[in-house]
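Bear in mind that the values in this text are calculations on the coordinates, not laboratory data. Since the model is a prediction, treat every value here as computed from it, not as a measurement. Glycine also receives a Cβ, built like all others from the backbone with ideal geometry; neighbour counts cover every protein chain displayed.
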Amino acid sequence: MTSSTTNIEDAPLKKAWPQWWPYLAVLAFLILFPFLAGLTIGDPSAVEPGAGWLTAVAQRTESGYAKFWQGMLIQIFIWGIFALSYDLLLGFTGILSFGHAMFFGTGAYAVAILIDKHVSWPLGWALAAVILISLMQSIIFGVLSLRVKGVYLAMVTLAFAEMFFILSEAGDFRKYTGADDGLHGFPVPDYLSAADHRTRFYYLALIFFVIVFLAARRLVNSPPGRVMIATRDNEHRATTIGFDTFRYKLIAFVAAGVFAGLAGALSALYNVSITPALLSTDRTIDVLAMTIIGGVGTLVGPITGAVIVQLLGYWLERWFGSSWTLIYGIIFMLIVVFLPYGIIGTLRARSLRLKEGWGRWLKLLGIKSEGDAAFASHTEMDNGDQPPGQS
Amino acid sequence: MKKLWQNNRSLIIALIIFLGAFAAITQSMEAKVWASILLSGITLASLYFLVASGLSLIFGLMDVLNFAHGSIFVLGAYVGLSTYANPRLLFNTLPFFLSLGAGITLARSFGVPFWRLKRTQNKPQWFFWGLIALSLVLITLSLREFPIRAINAFGVTAVGGIVSTAEAQEPMGTMLLRSALLFISGLPFGIALAPREDYQEGSRRNPGRVLLTALILLILGLAILLLRDPGEKFMLGLSVDLRFVLALVLGSLAGALLGAAVEIVLIRPFYGNPVTQLVLTLGLLIALTDVIEGVWGEEGHPPMTPPSLFTEPCRSESLFSWFGEKCRSIDVLGRAFPSYRVFIIFLGILVFSAVGVLLRRSRIGMIIRAGVQDSEMVQVLGINVRRVFTLVFALGSGLAALGGVIAAPFLGVYPAMGGIFQLQAFIAVVIGGMGSYPGAAVGTLILGIARAFGDHFVASGIELPFLETTLRGSPALAKASTVLIMAIVLLVKPAGIFGKKE
């Protein structure tokens, strides 16, 4: 899907300025969001009497629904990063992994254990360690599991993730991991506490989110990223051309692992609690659902999926109470059936078709030359029936 | 001899390693100890096998990795439990299914002209899904505010007393209305499933026979509905053994029907697109888990009492004397072993050989085996592979549900057990080789025995011949042992023990 040249993710920033403005608009909205929310849905009674207007706005952003919706967006950033990292595997390299929660959970556990009382490292050291740990973890398990393909790879990664899940539940390390209870209330530094400084944490998460998005975009558009896509489309052919596909699959695996580990660390810092559920297969299924709903093989898709799943979960739970998962499951199946390329993928295919029709019409009027229309139909072919992620 | 070695090299090596490990571990134990651990392992293995065999067949034939298989296992267990301990639920819901089925049967044969209309030929896919959506909406409407939890209240029946059913059930008029509505909502579903072309099966069915089938279904539903109070008394008055057999039959039947429905509605439109199928089964898993928790509750039930064959408080000397004495446990080398577990082992072996004979000796088995090798070729030869696909899906789901029913007196029933069994079945199938029937058996056997020895290792430790102290593992090790075995097997032989080379 990404091989068509009209995609925003492929176009260099300078040349494709008009295509970038929706993204910059969203970014501007996200930057302004805490203030807008503070002024509209913040709690006016939280403002101390006699405060200046700047202080008043700051206090209102830290209260009421403004605080709640910032929290929701932080969750969306975290899950968006996680889903994006999963899509690097599934959508761009065609690796169906069922153990991606392993990286997310390990990142969360690593940062929590390292800043907890038994180790009590400073946060910066702990985050560096998270990167190192997820790097090593993804290299080791990537080398081991990339020996097999397709469903077998899904099963092997499932088994590895299950191993970490069992490890996190084991009573032997109760002192460090808290066994099945998990860890709660480990000492996150005061200046970063999401309970007291929600807006500060929000901007941290936003910056991190933007950095990961740009890094993923850079990776996908780099030569190794192109080989990853070639591997997804036809591994045999990529090997025949002379690429060592194992190496490129490993690059994807490592990048996805590190991003997921960092997302996990952020999640642990935000929630100030970790449980073995972070490592369970259910989290992988969640992230798979987000990627599929949003659109496999796009960068914006998984993020859209994260937004939709988070909001849908929130609203469905409010409307239907405990039976919301039934509705969620049915909606999920309907999306898979009716939007086989996900929301973003289907929208893109449709806009391409629109563009093609537009081109044909212009050609009829004699405004456009023959070549452009042919090009349009060619890109349409690229978006053809073969869904990515199929091995 | 040389050929035997070449063909089964990996199996023989695995067997030698396995026997070596077994000898090293059991060397320091008494015979009666390891014999009973081994039997426990085989018990577990035969439960795993019932789940794994269906999974393996479905994957081998259709390339579908069914993530909802564990939910079907739990569903079977719950249906069995309901039949056994609280048949009120069945009497109040079976008429619904029957009238829905009658509507579908009727519309499926008489809906053929619908697809011949010029207007519908352009967008059959959208019409298809629209009809199904309409049917789903109607079903939701007709089941609105049905007091399922009140009908299913187990507290009273668990003691074994007489159950007062009158107040929990809805009045007959409401039930009839719901049934009629469900019959109507079955009609669009049936039209959606009606064959589009002349050469597809079912289009040339005798209309009289179809009418008769639908009529029989309707009358059966009506009869069950009208006889619900005496029927329930009759069922609870039956002997325990008879009720258990009934639970086995109804549980596996429910699983098989659900499996067939899943294949027809969710899997069939997406052949050639395995990721979509896999993701759809994931969605089904999410939805089905919620349905099961909604109907039977999240808390789970303690093991149900096994039938009277396994409940006399004594210990039989041998298997043969047990048939007369019906004791709770059987003497194995001087150690008591629960007789119900012997029954599980027996049933596992029975199912293994029955399905094996079906695969080896019958025409349908021949088609299945050919389909595993090359389903396109089978289709080209003029065999309706789609029907075989549905059949195998139903068979696999039915086996899983049967496993659920026989696990209920042994492990109890709780919603989370589906996930546990599904993971073990996945692991077993991967170890044995995806799509290989003997592979599933060998894989489950390895897993069951490894798990039993792992549990023993945790509980009392193991004295290895070359170590002074007794080794003792943590519970996590026993849990992780199966996963470790899978990782090792896959790294040595990526396609599994019996798997084909890629």
Plugging the Cβ-Cβ distance of B:Val240 and B:Leu358 into 1/(1 + (r/R0)^6) at R0 = 30 Å yields, to the nearest 0.05, a FRET efficiency of 0.50
Note to self, chain B gives a 222 nm [θ] from helices alone (DSSP H runs n ≥ 4, -39500 (n - 2.57) apiece, / all residues, nearest 500) of -24000 deg cm²/dmol
Chain A, Gaussian network, Cα under 10 Å: of A:Ser267, A:Ser322, A:Ser351, the residue fluctuating most is A:Ser322
Pairs over 31 Å Cα to Cα, from A:Lys249/A:Lys355; A:Lys117/A:Lys249; A:Lys175/B:Lys493; A:Lys149/B:Lys3; A:Lys117/A:Lys149, come to A:Lys249/A:Lys355; A:Lys117/A:Lys249; A:Lys175/B:Lys493; A:Lys117/A:Lys149
When the charge dipole of chain B is computed with +1 at the Cβ of Lys and Arg and -1 at the Cβ of Asp and Glu, the Cα pointing farthest to the positive end, of B:Gly294, B:Val357, B:Ile191, is that of B:Ile191
Given backbone amide H placed at 1.01 Å from N, residues whose amide H is under 5 Å from that of B:Tyr414, ignoring those fewer than 5 places away on the same chain, are B:His301
Quick calc: nm separation of the 7 Å Cα→Cβ label points for B:Ile349 and B:Thr305 -> 2.9
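Counting DSSP beta bridges in chain B, what percent are antiparallel, to the nearest 5?
65
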Given the candidates B:Gly60, A:Phe173, A:Leu288, the one whose Cα lies deepest towards the positive end of the charge dipole of the protein assembly as shown, counting +1 at each Lys or Arg C-beta and -1 at each Asp or Glu C-beta, is B:Gly60
Treating only Lys and Arg (+1) and Asp and Glu (-1) as charged, each at its beta carbon, one finds that chain B has a dipole about its Cα centre, in Debye to the nearest 20, of 1560
Taking a crude spin-label model, label points 7 Å out from Cα along the C-beta direction, the B:Ser318 to B:Val492 distance in nm is 3.8
Residue span B:Arg386 to B:Lys233: 0.36 nm per residue of separation minus Cα-Cα distance leaves a gain in nm of 50.9 nm
To the nearest 20 debye, the range A:71-338 has a Cα-centred charge dipole, built from +1 on Lys and Arg Cβ and -1 on Asp and Glu Cβ, of 680
The answer for chymotrypsin sites (Phe, Trp or Tyr not before Pro) in the range B:207-290 that fall in a DSSP coil and have at most 16 neighbouring Cβ atoms within 10 Å is B:Tyr271
Taking a crude spin-label model, label points 7 Å out from Cα along the C-beta direction, the B:Leu222 to A:Val272 distance in nm is 6.7
Under the helix-only model (-39500 (n - 2.57) for each DSSP H run of 4 or more, divided by the residues of chain A), the mean residue ellipticity at 222 nm, to 500 deg cm²/dmol, is -24000 deg cm²/dmol
Here FRET efficiency (C-beta to C-beta, A:Leu312 to A:Ile211, R₀ 30 Å, nearest 0.05) is 0.65
Loop-resident chymotrypsin sites (Phe, Trp or Tyr not before Pro) in the range B:336-396 with no more than 14 other Cβ atoms inside 10 Å, DSSP not H/G/I/E/B, are none
Counting only residues 5 or more apart in sequence or on a different chain, those whose built amide H sits under 5 Å from that of B:Ser329 are B:Cys314, B:Ser316, B:Ser339
To the nearest 0.05, the calculated FRET efficiency linking A:Asp43 and B:Leu136 through their beta-carbon distance, R0 being 30 Å, is 0.10
For A:Ser193, placing the label point 7 angstrom along Cα-to-beta-carbon and taking the range A:55-83, residues whose amide nitrogen sits under 12 Å are none
Loop-resident GluC sites (Glu not before Pro) in the range B:277-385 with no more than 10 other Cβ atoms inside 10 Å, DSSP not H/G/I/E/B, are B:Glu299
If unit charges are put on Cβ atoms (+1 for Lys and Arg, -1 for Asp and Glu) and the dipole of the range A:71-338 is taken about its Cα centre, the option from A:Thr275, A:Ala128, A:Ala110 lying farthest towards the positive end turns out to be A:Ala128
